[in-house]
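Asker: Structure in structure tokens, see below.
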Amino acid sequence: MNALLELRAVRAAHEGITVLHGVDLRVGAGQVVALLGPNGAGKTTTLHVAAGLHPVQSGRLVLGGREMTGADPRALARAGVCLIPEGRGVFPNLSVRDNLLMMTFTGRTREEIEELAFDRFPVLGRRAGQIAGTLSGGEQQMLALARGLATDPAVLLLDELSMGLAPLVVSRLYEQVAEIARQGVAVLVVEQFAAAVLGIADHAAVLVRGRIERQGRPDGGLRDELSALYLGSS
Ligand code: ATP
């Protein structure tokens, strides 16, 4: 696999305390990679490193073979990295339409952005005039994804997409994520609880206290290990 996004031996710290101890991850175009692990393992920090929002102490960030270590968030966004943060990152006091309208900074027209969003998520079209904060959690997550897709990302970073959502809503969202990957996007998904994302992931990595303890295909062995990890940490 030719990796589009690569983290090589990444170490990173918060306030002088190292929280990532040499993380290696590769995500290819068209692939969904799940990064799983308990609370505080360093999953969000890993995504922030990939988006240029958090500096590395050592190690490398490589994008499509290009050295991007130390690049700022703008440079990474220009290179096609898009982060959908935990909590969704929509503007709750603006309508669906205005949330999408803001994405015209990408150079796409309003019509193009709406067509893209409403084709993929028809419910957003029906709720175009609605204030985003009054949408259901799942619809807000769709809006966040639609905003992200307007940037035409090469790499999509998703932080805890399932947070606070019903299992059925989560599996529908993940069907859309799988479809986005099929169109050639490299998708790195962070989740604490694994079940839904393992259904679509090509590859999964388990992060514990800043170290990748295991990675591979999301098969039975990996699932058993995750169950043991969560049972053991509860
Ligand atoms: P969660 O699922 O709780 O978001 P996570 O796996 O995403 O967890 P991170 O948020 O990356 O983990 O945090 C990794 C470690 O870094 C944790 O020990 C956390 O307490 C610490 N940390 C995170 N953000 C900060 C910060 N702003 N200042 C100090 N320490 C932080």
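The values are calculated or read from the model by the stated rules, or taken from the named source; none is laboratory data. None of these values were measured; they are calculated from a predicted model. Backbone-built Cβ (ideal geometry, glycine too); neighbour counts: all protein chains shown. Accessible surface areas use protein heavy atoms only, side chains included; no ligands, DNA or RNA. Shrake-Rupley method; radii C 1.70, N 1.55, O 1.52, S 1.80 Å.
Asker: Return yes when R223 is in a helix (DSSP H, G or I), at pLDDT below 85 and open to solvent by 50 Å² or more (accessible area, probe 1.4 Å) and no when it is not. Don't jump to the end; show me each part of the working.
Answerer: Details: in a helix (DSSP H, G or I): yes; at pLDDT below 85: yes; open to solvent by 50 Å² or more (accessible area, probe 1.4 Å): yes.
So R223 fits the description; yes.
Asker: Let me ask another. Would you tally the residues in segment 28-63 being more than 24 Å from D224 (Cβ to Cβ) and away from the ligand (no atom under 15 Å from the Cβ)?
Answerer: Our first condition is that a residue be more than 24 Å from D224 (Cβ to Cβ); within segment 28-63, this holds for 28-30, 44-45, 47-63.
Right, trim to away from the ligand (no atom under 15 Å from the Cβ) and you get 28-30, 52, 58-63.
Here the count works out to 10.
Asker: On to the next question. In this structure, does V96 turn out to be more than 28 Å from S136 (Cβ to Cβ) and either modelled with pLDDT of 95 or more or open to solvent by 60 Å² or more (accessible area, probe 1.4 Å) (or both)? Let's see the steps before the verdict.
Answerer: On the way: more than 28 Å from S136 (Cβ to Cβ): no; either modelled with pLDDT of 95 or more or open to solvent by 60 Å² or more (accessible area, probe 1.4 Å) (or both): yes.
For V96, the condition - more than 28 Å from S136 (Cβ to Cβ) and either modelled with pLDDT of 95 or more or open to solvent by 60 Å² or more (accessible area, probe 1.4 Å) (or both) - is not met.
Asker: Inside segment 74-109, can you point out the residues that are among the aliphatic types (A, V, I, L, M), part of a loop (DSSP other than H, G, I, E, B) and over 17 Å from L135 (Cβ atoms)?
Answerer: Going through segment 74-109, the residues among the aliphatic types (A, V, I, L, M) turn out to be 75-77, 79, 81, 83-84, 90, 94, 96, 100-103.
Filter once more, keeping what is part of a loop (DSSP other than H, G, I, E, B): 79, 90, 94.
The one that is among the aliphatic types (A, V, I, L, M), part of a loop (DSSP other than H, G, I, E, B) and over 17 Å from L135 (Cβ atoms): A79.
Asker: Further question on the same structure: Residues that are open to solvent by 60 Å² or more (accessible area, probe 1.4 Å) and either away from the ligand (no atom under 16 Å from the Cβ) or of a type in the set (S, T, Y) (or both): does segment 15-25 have at least one?
Answerer: yes
Asker: Given the conditions (1) at pLDDT 95 or above; (2) away from the ligand (no atom under 16 Å from the Cβ); (3) open to solvent by 40 Å² or more (accessible area, probe 1.4 Å), report the number of the one that M1 does not fulfil.
Answerer: The number of the failed condition is (1).
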